[in-house]
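The values are calculated or read from the model by the stated rules, or taken from the named source; none is laboratory data. Given the structure is predicted, the values throughout are model-derived calculations rather than measurements. Glycine gets a Cβ as well: all are built from the backbone with ideal geometry, and neighbour counts include every protein chain shown. Surface accessibility is based on the protein's heavy atoms, side chains included, excluding ligands, DNA and RNA. Shrake-Rupley method; radii C 1.70, N 1.55, O 1.52, S 1.80 Å.
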Amino acid sequence: MHYALYSKKALFTTTKFLTLLKLTIATLIKTITECYLALINNKVLKSRLILVGIYKNQFCKDLNITGPLARSSGLMIDDRFNYFNFNFIIYKNANIKTYLGAFGDSYDRLLIRFYEMFESIKIMNILYQKENFSQKNTNIEATISNFVTSKIYNCYTSTSLEGSKGLFAITIFIKNNSIISLKMRSPSFYNLFSLQALATKMYIADLTTLIGSIDVVFGEVDR
């Protein structure tokens, strides 16, 4: 769910959208629960995931790994619970949880991602119930204009966002309304960088499992 869809200044909060949102929330709970129950105790799946691709605490710290990979090793790294980050101010008053793993293996990462999907549904439910939705325009031009800002002559700022892959951050330096420097921290790049160390002496079948549990977005890596 993009910010443009569910914020109070949203442009696509039509009656049809809200109806679909309510239906989606109900459907997701049922579907994800069915998948969870079907997979979580599957003996074949567990044999392919348990103790495969282990991330240790110090390894994650050394490579600056964040997100579910770091949390699977037991590290409490979650920018959503950093209340100085106002992108997640709603979390302060919501009963939202984060989950940590015990062994740092692929099975822990599977569990964490399942649990976080349930938490995401909870967040959608909170937004649906609490946001002051109203009918807005639904054309793309209006959507673009919602994000257009005035001229910026001098600015140096940095912001971060906890995504499904980890911490995504952007630092930008603007001078005389021109971008002088732009640096993006993509979590998938750091996650992929860890693959070489973990894949040493690993079976090809386990390597496939590891890549899947890391869940790399290659478009984000090469940007």
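If you go through the stretch 113-131 and keep only what is open to solvent by less than 20 Å² (accessible area, probe 1.4 Å) and over 25 Å from Leu207 (Cβ atoms), you end up with Glu119, Ile121, Leu127. Applying a threshold of 8 Å to beta carbon distances and a minimum spacing of six or more residues, or different chains, the list of pairs starting in the stretch 155-180 at a residue that is within 14 Å of Phe81 (Cα to Cα) and ending at one that is open to solvent by 70 Å² or more (accessible area, probe 1.4 Å) and among the aliphatic types (A, V, I, L, M) reads Leu167/Leu161. Residues that are in a helix (DSSP H, G or I) and either surrounded by fewer than 16 Cβ atoms within 10 Å (Cβ to Cβ) or among the hydroxyl-bearing types (Ser, Thr, Tyr) (or both) within the stretch 96-112 comprise Ser106, Tyr107, listed in sequence order.
Determine, yes or no, whether Ser181 is loosely packed, with under 11 Cβ neighbours inside 10 Å and more than 16 Å from the chain's Cα centre (by Cα). Yes.
Residue count for the stretch 13-38, restricted to those that are loosely packed, with under 14 Cβ neighbours inside 10 Å, closer than 18 Å to Arg113 by Cβ and of a type in the set (A, V, I, L, M, F, W, C): 3. The set of residues in the stretch 191-218 being closer than 22 Å to Ile77 by Cβ, in contact with a Lys or Arg (Cβ under 9 Å, 6 or more places away or on another chain) and in a helix (DSSP H, G or I) consists of Asn191, Ser213, Ile214. Reported count of residues in the stretch 74-95, each being part of a loop (DSSP other than H, G, I, E, B), surrounded by fewer than 16 Cβ atoms within 10 Å (Cβ to Cβ) and modelled with pLDDT of 75 or more, is 2. For the stretch 142-189, filtered to residues that are within 25 Å of Arg113 (Cβ to Cβ), small (Gly, Ala, Ser) and in contact with a Phe, Trp or Tyr (Cβ under 8 Å, 6 or more places away or on another chain), the residue that is modelled with the lowest pLDDT is Ser160.
Screening Val221 with (1) modelled with pLDDT of 80 or more; (2) β-branched (Val, Ile, Thr); (3) assigned to a helix (DSSP H, G or I) gives one miss only, at (1). Scanning the stretch 91-110 for residues that are more than 15 Å from the chain's Cα centre (by Cα) and under 19 Å from Lys46 (Cβ atoms) yields a total of 8.
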